[in-house]
1. Please list, ordered by first then second residue, the pairs with beta carbon atoms under 9 Å, 6 or more apart or interchain, first in region 161-188 and more than 28 Å from SER97 (Cα to Cα), second crowded, with 17+ Cβ neighbours inside 10 Å and among the acidic types (Asp, Glu).
2. Condition first: crowded, with 16+ Cβ neighbours inside 10 Å, more than 30 Å from GLU27 (Cβ to Cβ), at pLDDT 90 or above and of a type in the set (Val, Ile, Thr). Can you find one or more residues in region 169-191 that meet it?
3. Quick one: is VAL107 free of Cβ contacts under 8 Å to residues at least 60 places away in the same chain, of a type in the set (Val, Ile, Thr) and farther than 24 Å from ALA231 by Cβ?
4. With respect to the numbered conditions (1) within 30 Å of PHE47 (Cα to Cα); (2) in contact (Cβ under 8 Å) with a residue 12 or more places away in the chain, which one is the sole condition not fulfilled by GLU238?
5. Any chance region 250-257 includes a residue that's touching a Ser or Thr at 6+ places or on another chain (Cβ under 7 Å) and either basic (Lys, Arg) or farther than 25 Å from ALA144 by Cβ (or both)?
Amino acid sequence: MPVPSLLLVIFGLCLPLLLMARYSFAEFDPRDMAIQGLTLENYAKFFTDPFYRDVLLRTVGVAALTTLLCLILGVPAAHLISRTKSARLRTILILASIIPLLMGNAVRVAGWMVLLSDRGLVNESLLFLGLIDEPIRIMYTLSAVLLSLVAVLLPFMIITLQSVFDRVSADYEDAAATMGAKPATAFFRIFVPLAMPGIYSGGLLVFILGMNAYASPVLLGGPTFHMMAPAVYEQAIEAFNWPFAASLAFVLMVATLILTVASSLFLQKRYGRM
């Protein structure tokens, strides 16, 4: 690695992580933000408080569900793009996939707030059609958070998958069809195993982004829907408890790494290569 790149990694990544690690073991003094003392109290508080354990479990669950939904929607979409022969149509489909990324995350989530509120477009349309008698509660629910996260993260899934699917020759599926295999059989028995490295990469990217989601749980989940990233913000900015915020951030990072490595080992054992 060239020296400038190495220095960038050291000063841009390693030193901040080391500083955060040191903060996570510091004693909290609301009158002094300086790093002082050395204690395990911050981690003990996290692992002994059921509230924060539930926050971590909810974060993992939401990230996993988001990843699953993005895979269900993203794999067929990316496969369609990669097998589209018309260059113009292919370009249109790719642009349609990445256009949402041109807007900020908070802006997109705010748009979902307009759609899903009690007097939003969804409820007003259902009321107009006579399908409901009164607005249904969509905001501040798990469904609203998942819907927003899938909409936000699906482009990342499609882009990652499509670039890998392009390298899987369509000849394999054509050969399977020639041998009498149905399209669904050829897709799941031939194409999916060949494309598994890309599927894993896309799933991993979406899972990591889901674990660190902030705008969707805050704006669409409401004050009672707690996830790890908003919890870190609350402790650091609102409570000014930087040591505990650092410990929450470190727990989130370590949990993400453990789940990532575990899934990689499982898939490597299952498919023999990743």
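The values are calculated or read from the model by the stated rules, or taken from the named source; none is laboratory data. Here the structure is a predicted model, which means the values were calculated and not measured. Ideal geometry is used to build each Cβ from the backbone, glycine not excepted, and the neighbour counts take in all protein chains shown.
1. That search, which allows pairs on different chains as well, returns ALA181/GLU173.
2. No, that holds for no residue.
3. The answer is no for VAL107.
4. It is condition (2) that GLU238 fails.
5. yes
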